[in-house]
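The values are calculated or read from the model by the stated rules, or taken from the named source; none is laboratory data. Computed from a prediction, not measured in an experiment: that's the story for all the values here. Here Cβ is always computed from backbone atoms with ideal geometry, including for glycine, and neighbour counts include all displayed protein chains. Remember, those area values only see protein heavy atoms, side chains included, never the ligands or the DNA or RNA. Shrake-Rupley method; radii C 1.70, N 1.55, O 1.52, S 1.80 Å.
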Amino acid sequence: MAGRLLQRIDAARIAGRRFLLGCPTGRTPRPIYDAMARRLSATGHELSHLVLVMMDEYLTPDGDGFRYADERNPWSCHHFARTKIVEVWNGRLAPAYQLRHEHVWFPDPKSPAGYDDRIEDAGGIDFFALASGASDGHVAFNPPGSTRDSVTRVVALSEETRRDNLKTFPEFGRLEAVPDHGVSVGLTTIAGAKECAMVVWGAGKRITLQKMRKENRYQADWPATIIHECKGEIICDAEAAAQ
């Protein structure tokens with residue numbers, strides 16, 4: 001995955017255009033991001049034209065609406081993007097080649113639909129790396145029951161999603177500390193990418209892999225099946241594929 005992504009990012013640079021990379025946070029993409037960092041140390045690819053299209057963020061109440069969770073929290077997606085992606089990748093590159101901080105995009109809870117417009121105006125997402133929730137198949141914060149035509153929006157997080165996120169970020173301490181709302185790209189946003197890969201690894205992802213392989217089109221009770229509506233593939237390891 002790291003080699004494939006860097007190849008595509010470099011091809012976009014040669015063609016003189018931006019490259020929009022859809023990014024999840026959490027456990028699943030960490031090995032990919034770390035492998036990209038190692039390759040950047042060896043190759044010095046340029047990332048100044050790269051745009052990270054982040055999938056989601058936790059929200060906290062703000063009057064009648066919501067605002068981003070404090071990015072100083074280690075479980076916030078802003079914190080993850082900065083400390084696990086941008087700072088790590090840029091630390092391997094000369095200043096002129098570094099990923100620009102203004103090229104890290106998040107959906108705005110005040111105007112979530114504007115995210116889809118922004119993506120479309122930029123030419124669309126070139127590659128979307130996807131991850132699936134282990135217990136309910138959520139993708140980004142899209143819970144079971146999400147419609148195929150869903151767009152970027154504020155969503156109530158299911159208890160299963162919140163429990164998965166507690167495992168991902170033990171810094172929460174307890175389930176009650178996990179926010180119950182988030183802003184998330186929709187399934188239409190994901191399926192509109194030019195290319196996608198759903199990455200599942202580890203024994204904990206066996207059920208979601210089985211669910212995805214069983215279907216050949218989107219099923220609302222398991223949002224990860226959106227991969228069948230994408231130009232993409234499922235990438236798994238031996239542990240996830242066991243049984």
### Query
Which value, in Å³ per residue, describes the convex hull spanned by the Cα atoms of region 14-85?
112
### Query
When DSSP assigns beta bridges and you keep just the ones with both residues in the chain, what percent turn out antiparallel, to the nearest 5?
40
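Have a look at the DSSP beta bridges in region 1-105 and tell me what percent are antiparallel, nearest 5.
Numbers: 4 of 11 bridges.
Within region 1-105, antiparallel bridges account for around 35 percent of the total.
Summarise the accessible area of the chain (1.4 Å probe, protein heavy atoms) by the percent that is carbon and sulfur.
Working: 5160 of 10940 Å².
The value for the chain is 47 percent carbon and sulfur by accessible area.
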### Task
Evaluate the charge dipole of region 3-149 about its Cα centre and quote only its size in Debye, nearest 20, assuming +1 on the Cβ of each Lys and Arg and -1 on the Cβ of each Asp and Glu.
800
### Task
Considering the options T152, Y218, C230, tell which one lies farthest towards the positive end of the dipole of the chain, charges being +1 on Lys and Arg and -1 on Asp and Glu at the Cβ, about the Cα centre.
C230
### Query
In units of 2.2 N^0.38 Å, what is the alpha-carbon radius of gyration of region 153-243?
1.18
### Accessible area per residue, Å², the chain with all protein chains present, probe 1.4 Å
45
#### Entry: Part-to-part distance (alpha-carbon centres) for region 80-116 and region 175-211, which is given in Å
20
